[in-house]
């Protein structure tokens, strides 16, 4: 079901995208609403699933993870539970920060971070290659991130 927002809802969402740590009172002030009206609208956006909450965005490079690799994985689809078993085990690898599934030649993409190339090599050998049902795997090392933005044009 698509949630139909009005201009006020879109204004609230834009403000939250720009400055997610605003208090409800600050958000209300910037949106031209009373704090009570703002709180009700935020609750409605959450209940409808449009607003799923807020989170801290941590820069993994600042924590010493200098290497990012995207792994494109093709699974052995002759095994009936290949997807479920692979995904369950991939979720257990702490350095896997994102998992996406696809329709097409590539079944799964894993985004991995590592401290350095030695750490990545060990991670690849000891954890990734031991994941079940891998038929083919391609590694793409990130050279630069040109755009990384989850904001929507509201």
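No lab work stands behind these numbers, since they all come straight from the coordinates. Keep in mind that what you see is a predicted model, and the values were worked out from it rather than measured. No Cβ is skipped: glycine too gets one built from the backbone with ideal geometry, and neighbour counts run over all protein chains shown.
Compared with the dominant principal axis of the Cα atoms in the chain, helix 82-91 is inclined by about 70°.
Under 1.5 on a/c is rounded, so check that first for the stretch 37-82, then, if it is not, pick prolate when a/b is larger than b/c and oblate when it is not; a ≥ b ≥ c are the square roots of the alpha carbon gyration tensor eigenvalues.
On the way: a/c = 5.80, a/b = 1.49, b/c = 3.88.
Oblate shape, in that a/c is at least 1.5 and b/c is the bigger or equal ratio.
Our summary gives the chain a relative contact order of 25 percent, counting only alpha carbon pairs under 8 angstrom and 6 or more residues apart. With respect to the chain, whose longest principal axis is taken over its alpha-carbon atoms, helix 35-47 is tilted by about 30°.
Mean sequence separation of contacting Cα pairs (under 8 Å, at least six apart), scaled by the length of the stretch 60-141, corresponds to a relative contact order of 48 percent.
Output the 0 to 90 degree angle, nearest 10, between the alpha-carbon long axis of helix 7-18 and the longest principal axis computed from the alpha carbons of the chain. Result, in degrees: 50. Does the stretch 8-47 classify as rounded, prolate or oblate by the C-alpha gyration tensor (a ≥ b ≥ c root eigenvalues; a/c under 1.5 gives rounded; else a/b over b/c gives prolate, otherwise oblate)? Rounded, since a/c falls under 1.5. Taking the Kirkwood radius as the inverse of the mean 1/r across Cα pairs, report the Rg/Rh of the stretch 60-141. With Rh from the inverse mean 1/r over Cα pairs, Rg/Rh is 0.97. Let me make sure I get this right: for the stretch 93-154, a, b and c are the square roots of the gyration tensor eigenvalues over alpha carbons, sorted descending. Under 1.5 in a/c it's rounded, otherwise prolate if a/b > b/c, else oblate. Which is it? Oblate, because a/c is 1.5 or more while a/b does not exceed b/c.
Arranged from highest to lowest average of other beta-carbon atoms within 10 Å per residue, in what order do the peptides 79-86, 66-73 appear?
Ranked by mean Cβ neighbours within 10 Å, highest first: 66-73, 79-86.
Pairs of Cα atoms nearer than 8 Å and 6+ residues apart set the relative contact order; for the stretch 8-47 it is 36 percent.
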